[in-house]
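Derivation of every value follows stated rules applied to the coordinates shown; laboratory data play no part. Not measured: the values here are computed from a predicted model. With ideal geometry, Cβ positions are generated from the backbone for all residues, glycine too; neighbour counts draw on all protein chains shown.
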Amino acid sequence: MKIAVRASRTMTRRTMLGTLGVIALAAASGTLTPPRRAGAQPLGLNESLDEAMTRVFGSRSIKDGGSLIKLDIPLIAENGAVVPVSVRVDSPMTPTSYVKHIYVVADKNRIPVVTRVTLTPAAGQAFMGANIRLGETGDVRAIVEQSDGTLWQVKREVKVTVGGCGG
Amino acid sequence: MADIGKVRIRIPSSIKPGEVVQVRTLVIHPMERIERDREGRIIPKTYNYINKVIVTYLGKTIVTFDTTQSVSENPFFSFAFKATDPGPLRVEFLDTTGGRYEGAVDITFA
């Protein structure tokens, strides 16, 4: 009888610990990966620019990072399917102050958030480059999030001769 | 495409210890575009594109890219890292169909 009681008590404690663990995990994943990524819902990223900005950055203010960020992208993209873009941020990369994320956002794309780069201090330099698709002429922005949460952005208009669609 | 998943990594020919190095990497991948019907609605299916790129150096993750269909076919990425010790630099690409493509180079000092 006694044994049975003890067993059931252990079970309760274990289940409770398990539940707590699940909650902790959910909370952690919720805060650590803000925008739910494509893997789970491949079509969920088809949204307007405003929706995308609200989803990713909420109501946080974004400062003008003209002096800090160097966005390198052609003024005229003949082929919208392959547009080389690179972003370099003039910022130290120390464990206390570094660039945490670089976002590339194409305003006119039907899937505006092109990529999010997550950096660590080990990168030594806040730099990223990629080939992206642009649907039509419009602004392309680079948004930088520093480790203290400050957001900076620069944007540049790109003229697209032949749209890369899809994106 | 037979070459799908082929990963190329380009590093400078000589690297000095402590130097910040820029690396270019490329994977052969179709990065399928979203298809739409006449009304512009998305045709629902699993589109095959890369949604994650993970770069590790000496076993530690240094840079990750979360990507969407707005990235070109045969995507090319570049990034920087600080070469502190000789060792492997690995780049891993994950796509939405569960594909995993990996490339690695050994960082050595001249």
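Things to note:
- Taking label points 7 Å from Cα along the Cα-to-Cβ direction, residue A:78 and residue B:24 give a separation of 1.8 nm.
- Out-of-range pairs (alpha-carbon distance over 24 Å; input A:100/B:16; A:63/A:100; A:100/B:60): A:100/B:16
- For region B:2-110, trypsin sites (Lys or Arg not before Pro) meeting the loop criterion (DSSP other than H, G, I, E, B) and having at most 14 other Cβ atoms within 10 Å: B:6, B:38, B:41, B:45.
- Shape descriptor for region B:1-101: Rg over Rh equals 1.08 (Cα atoms; Rh from the Kirkwood inverse mean 1/r).
- The protection proxy used here, the mean number of other Cβ atoms lying within 10 Å of each residue, ranks peptides A:66-76, A:84-94 as follows, highest first: A:84-94, A:66-76.
- Extending 7 Å from Cα along the Cβ direction at residue A:55 and again at residue B:41 yields two label points whose distance is 1.9 nm.
- Label-point gap, in nm, between residue B:110 and residue A:161 - each point 7 angstrom along Cα→Cβ: 3.8 nm
- Per residue of peptide A:106-115, the mean number of Cβ atoms on other chains within 10 Å of the residue Cβ is 4.
- Residues in region B:49-84 reached by a label modelled at residue B:15 [backbone nitrogen below 15 Å; 7 Å Cα→Cβ]: B:55-63, B:78-84
- Estimated FRET transfer efficiency when R0 is 35 angstrom, pair residue A:64-residue B:61 (beta carbons, to 0.05): 0.70
- Under 18 Å from the residue B:84 label point (7 Å along Cα→beta-carbon), backbone N, region B:7-21: B:16-21
- Taken over region A:49-160, the alpha-carbon convex hull comes to 86 cubic angstrom per residue.
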